[in-house]
Amino acid sequence: MAEATYDSSNIFARILRGEIPSHRVYEDEAVIVFMDVMPQGQGHTLVVPKAPSRNLLDADPAVLGPLFAHVQKVARAVKKAFDADGVTVMQFNEPASGQTVFHLHVHVIPRFEGIPLKPHSGQMEKPEILAQNAGKIRMALAN
Ligand code: AMP
């Protein structure tokens with residue numbers, strides 16, 4: 001079977017182009033950070049490099065260092081914003097692994113003792129909650 005290639009009609013590419021809205025936390029020349037609309041836990045955030053790739057497998061290695069520097073900043077910020085006990089960082093590659101959106105992204109999820117993750121791509125969160133959580137993380141990033 002032929003290797004799958006990057007398709008710029010994916011939903012994160014559309015968010016990057018401003019064609020569809022997101023609850024944005026942070027943006028610079030390298031990345032955009034926004035709330036996952038079907039969070040697996042309170043404060044589930046996505047860190048998305050602007051450079052196009054399907055996932056880690058076809059990414060330019062030069063993108064990964066800056067991307068993970070941002071992941072670290074966001075992980076620290078969500079821990080602080082939600083007074084979390086820990087942070088889960090996840091990243092999926094191809095459908096067999098659970099990937100559903102084919103533009104590289106890293107999940108950053110605050111964790112609380114004894115509270116399991118909800119299912120991946122499960123239930124939609126209310127927009128007002130996502131907006132509120134984005135605000136909390138923005139504040140933590142700024143301080
Ligand atoms: P993955 O399965 O790793 O590709 O993760 C894709 C993630 O994107 C899932 O956790 C979805 O809940 C999330 N998601 C899908 N559509 C959107 C959207 N429009 N805005 C924010 N997150 C989304």
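The values are calculated or read from the model by the stated rules, or taken from the named source; none is laboratory data. Nothing here was measured: the structure is a model prediction, and the numbers come from that model. Ideal geometry is used to build each Cβ from the backbone, glycine not excepted, and the neighbour counts take in all protein chains shown. Accessible surface is based on the protein model in full, side chains and every heavy atom, while ligands, DNA and RNA are left aside. Shrake-Rupley method; radii C 1.70, N 1.55, O 1.52, S 1.80 Å.
Remark: Ile129 falls outside the filter, which requires a residue to be of a type in the set (Val, Ile, Thr), more than 15 Å from the chain's Cα centre (by Cα) and away from the ligand (no atom under 16 Å from the Cβ).
Taken together, the residues in region 104-121 that are open to solvent by 30 Å² or more (accessible area, probe 1.4 Å) and either in contact (Cβ under 8 Å) with a residue 60 or more places away in the chain or under 16 Å from Ala134 (Cβ atoms) (or both) amount to 8. All conditions in (1) within 16 Å of the ligand (Cβ to nearest atom); (2) on the phi > 0 side of the Ramachandran plot hold for Phe92, with the sole exception of (2). Ile15 meets each of the listed conditions (1) of a type in the set (Val, Ile, Thr); (2) more than 21 Å from Leu141 (Cα to Cα); (3) open to solvent by 30 Å² or more (accessible area, probe 1.4 Å) apart from (3). One residue stands out among those in region 27-81 that are over 21 Å from Glu125 (Cα atoms) and of a type in the set (Val, Ile, Thr): the one that is surrounded by the most Cβ atoms within 10 Å (Cβ to Cβ), which is Val31. Exactly one residue out of Val71, Val37 is within 20 Å of Asn93 (Cα to Cα) and more than 13 Å from the ligand (Cβ to nearest atom): that is Val71. Against the numbered list (1) within 13 Å of the ligand (Cβ to nearest atom); (2) buried (at least 20 other Cβ atoms within 10 Å of the Cβ), Arg24 comes up short only at (2). As a summary of the residue check, Val101 satisfies the conditions (1) over 28 Å from Glu128 (Cα atoms); (2) within 10 Å of the ligand (Cβ to nearest atom); (3) open to solvent by 20 Å² or more (accessible area, probe 1.4 Å) except for the one numbered (1). Out of Asp36, Asp60, Asp28, Asp83, one residue alone is under 21 Å from Ala4 (Cα atoms) and of a type in the set (D, E, K, R). It is Asp60.
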